[in-house]
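Visitor: Following this message is one structure expressed as structure tokens.
The values are calculated or read from the model by the stated rules, or taken from the named source; none is laboratory data. Predicted model only: the values in this text are computed from it and were never measured. Cβ coordinates were reconstructed from backbone atoms using ideal geometry, including for glycine residues, and neighbour counts include every protein chain displayed. Heads up: the accessible areas ignore ligands, DNA and RNA and are worked out on the full protein's heavy atoms, side chains in. Shrake-Rupley method; radii C 1.70, N 1.55, O 1.52, S 1.80 Å.
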Amino acid sequence: MSLDIEKYEKILRRLPKPILRWVEKRLKKIPKFRAMIEAEDEKLRETLDHSLKPYREVFSRNFEIPKEGISKDQILSDMKKMNELETPRWQQGYVSGGIYHGDPSHIDFLNEVYTLHSQSNPLHSDLFPSATKFEAEIVSMVAGILGKGQALDTDKVCGTVTSGGTESILLAMKTYRDHARMKRGITRPEIIAATTAHVAFDKAADFFGLKLVKIPLGADYKMNVAIAKKAVNRNTIAIVASAPAFPHGVIDPIESLSAIALEKGIGLHVDCCLGGFVLPFAEKLGAPVPPFDFRLKGVTSISIDTHKYGYAAKGTSVCLYRNEELRHHQFFTATDWPGGLYFSPTLAGSRPGALSAACWASLMATGEKGYLEATQAILNTAEKIKSGIRSIPELKILGEPLWIIAFASDTLNIYEVLDQMTKRQWNLNGLHHPESVHIALTLRHTQPGIAEKFLADLKESIEAVKANPGLTNGMAPVYGMASSLPFRGLVSDLLKKTLDAIYRV
Ligand SMILES: Cc1ncc(COP(=O)(O)O)c(C=O)c1O
């Protein structure tokens, strides 16, 4: 991308945000600038169409419902081909996060459970008491690993099954908003979170009219507690902490935040979407896990994803609360609708009972022993990878992560390293502020030889970048531009155009 504004980036970056937004608005009115953006958009459109739609030339494109149904054999055959094309990359361990278990026998088992319950809908608890049983037991089992019954005042911990981490977070934030409105009369609610808190909290703020106050990180990549404490005011409804946060895999100082929440009489949500099924077992295995769950008195809610390290199929998570009184603010009820009395615990109405069934089956089949073994394998692989990265002089690990490992470079363009890794099949996560890359280790990476392959490819990638710095036809310039462009409105437009591209047949 060769926008001339890159030349003025440093000056622009020093401008206060409202002035920058004003400059951006003015610039967009200048025909030459608009033409430049449109030209860039066209280039982006071509790149996106190429990378997002590899099947255009391979399978038929369908713009409308076929006049007559296609044969089921044909449909299944095409779908099997797509599956065969897409499976090897994650199956062989080239993907950061994404697929957390992936063993064929585990997948077959979950599929069998799904088939049995494919018609189930927890909304109809009278028709599907199995769904009710599964969901109540999922919540109870998950609460049990996050401190329920293990300390004073933890026996009332309760929750609901949701569709994923984002929904759990949205619901928790809505709950705090409604609770604070009723109990404290707060009409301009604020939540406090580190800059690294998952973007679902930004989404919640956007959806539910909350002000999200972002707290910078300390040198250790954890939320700066002193700044967080100062940020609490009479509109604050909750602090958010991560265990760990997605970007650098670092756990916020939750014990200190718990003390602040208690002192100020506000909520403390711990986002354990990534860590909820690793940290409790890592603690039992003797890893250095700081206190993070309901055993801390100030922790009032936790999000934890069964569809990540709980090894369930995609589409389930749990949102836990310290007590039922708080959970009531999540629930929706309608008493006067002509369609009858209506009550629903989460965002959706009808829900896929088969996913709850598969989630329950995953917890039951894995058992504590299975989670301990899985965690041990992941931590062992993480040690190998961390010491391998530490031995590469061009790289440095950010913070002190357990198994989600972010690395950066003072001497190389890390996005070019990322591009080189992509060329070698790896699907890693590009991060910014600071520019870095991470790998979230899963059971896929514990397969023999994967850690060694990762490190060998990383070393080769670094040599390739050193031999030809600046030479890339991958995503590095896009990442670099998106990370450094001072006009965030333009970056946002770019992302919306990517979504448009996704929905183009
Ligand atoms: C820490 C954390 N919280 C929340 C989420 C959101 O989860 P989901 O993608 O299931 O909505 C993620 C996803 O990676 C995460 O890492």
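Visitor: Rounded, prolate or oblate, given the Cα gyration tensor of segment 115-363, with a/c below 1.5 counting as rounded?
Guide: Oblate, because a/c is 1.5 or more while a/b does not exceed b/c.
Visitor: So, one more: Please work out the C-alpha center-to-center distance from segment 113-134 to segment 392-439 and express it in whole Å.
Guide: Using only Cα atoms, the two centres lie 43 Å from each other.
Visitor: Something else about it: Order 330-336, 374-380 from most to least packed using the mean count of other Cβ atoms within 10 Å.
Guide: So the peptides 330-336, 374-380, ranked by packing, come out 374-380, 330-336.
Visitor: Relative contact order, percent, of segment 115-363 when contacts are C-alpha pairs under 8 Å separated by at least 6 residues?
Guide: 28
Visitor: With every protein chain in place, what's the accessible area of His329 (1.4 Å probe, Å², nearest 10)?
Guide: 30
Visitor: Can you give the relative contact order of the chain as a percent, counting alpha carbon pairs under 8 Å and 6+ residues apart?
Guide: Answer for the chain is 19 percent.
Visitor: Okay, moving on. Which percent, nearest 5, of DSSP beta bridges in the chain are antiparallel?
Guide: Around 55 percent of the beta bridges assigned by DSSP in the chain are antiparallel ones.
Visitor: Oh, and also: Taking all protein chains as present, what is the carbon and sulfur share of the accessible area of the chain, in % to the nearest whole number, probe 1.4 Å?
Guide: Accessible surface attributable to carbon and sulfur in the chain totals 56 percent.
Visitor: Let me ask something else. Considering Cα pairs under 8 angstrom that are at least six residues apart, work out the relative contact order of segment 170-253 and quote it in whole percent.
Guide: Value for segment 170-253: 33 percent.
Visitor: Classify segment 370-501 as rounded, prolate or oblate from the Cα gyration tensor: take a ≥ b ≥ c as the square roots of its eigenvalues, call it rounded if a/c is under 1.5, otherwise prolate when a/b beats b/c and oblate if not.
Guide: Because a/c hits 1.5 or more and a/b exceeds b/c, segment 370-501 counts as prolate.
Visitor: Then there is this: Count neighbours as other Cβ atoms within 10 Å of each site's Cβ, and list the GluC sites (Glu not before Pro) in segment 1-104 that are DSSP loop with at most 10 such neighbours.
Guide: Answer by residue number: Glu57, Glu64, Glu68.
Visitor: Using helices alone, what [θ] at 222 nm do you get for the chain, with -39,500 (n - 2.57) per DSSP H run of 4 or more residues, divided over all residues and rounded to the nearest 500?
Guide: One gets -15000 deg cm²/dmol as the mean residue ellipticity at 222 nm.
Visitor: Where only protein heavy atoms count, and the probe is 1.4 Å, what is the accessible area per residue for segment 75-166 in Å²?
Guide: Normalised by residue count, the accessible surface of segment 75-166 is 55 Å².
Visitor: Straight-line reach from Lys297: which lysines have Cα under 23 Å away, leaving out those fewer than 8 places along the same chain?
Guide: Lys148, Lys156, Lys174, Lys183, Lys222, Lys229, Lys230, Lys264, Lys284
Visitor: If you roll a 1.4 Å probe over the heavy atoms of the protein chains, what accessible area per residue do you get for segment 273-395, in Å²?
Guide: Solvent-accessible surface per residue comes out at 41 Å².
Visitor: Amide H of Ser317: which non-local residues (sequence gap of 5 or more, or other chain) have their own amide H closer than 5 Å, using H built in the peptide plane?
Guide: Residues meeting the amide H criterion: Thr162, Ser163, Gly164, Thr306.
Visitor: Rounded, prolate or oblate: which one fits the chain, using the alpha carbon gyration tensor with axes a ≥ b ≥ c (rounded when a/c is under 1.5, else prolate when a/b beats b/c, else oblate)?
Guide: Taking the square roots of the gyration eigenvalues as a ≥ b ≥ c, the chain is rounded.
Visitor: What list of ³J(HN,Hα) couplings, whole Hz, do you get for segment 379-393 from phi and the Karplus terms 6.51, -1.76, 1.60, once you set θ to phi - 60° and write x for glycine and proline?
Guide: These are the phi-based 3J(HN,Hα) values: 5, 4, 4, 4, 4, 4, 5, 5, 6, x, 5, 5, 7, 9, x Hz.
Visitor: Check each of the trypsin sites (Lys or Arg not before Pro) in segment 476-505 and keep only those in coil by DSSP with at most 11 other C-beta atoms within 10 angstrom; list them in order.
Guide: Loop-located and lightly packed - Arg504.
Visitor: Using R₀ = 56 Å, calculate the FRET efficiency as 1/(1 + (r/R₀)^6) where r is the Cβ-Cβ separation of Gln376 and Lys17; round to 0.05.
Guide: The computed FRET efficiency comes out at 0.75.
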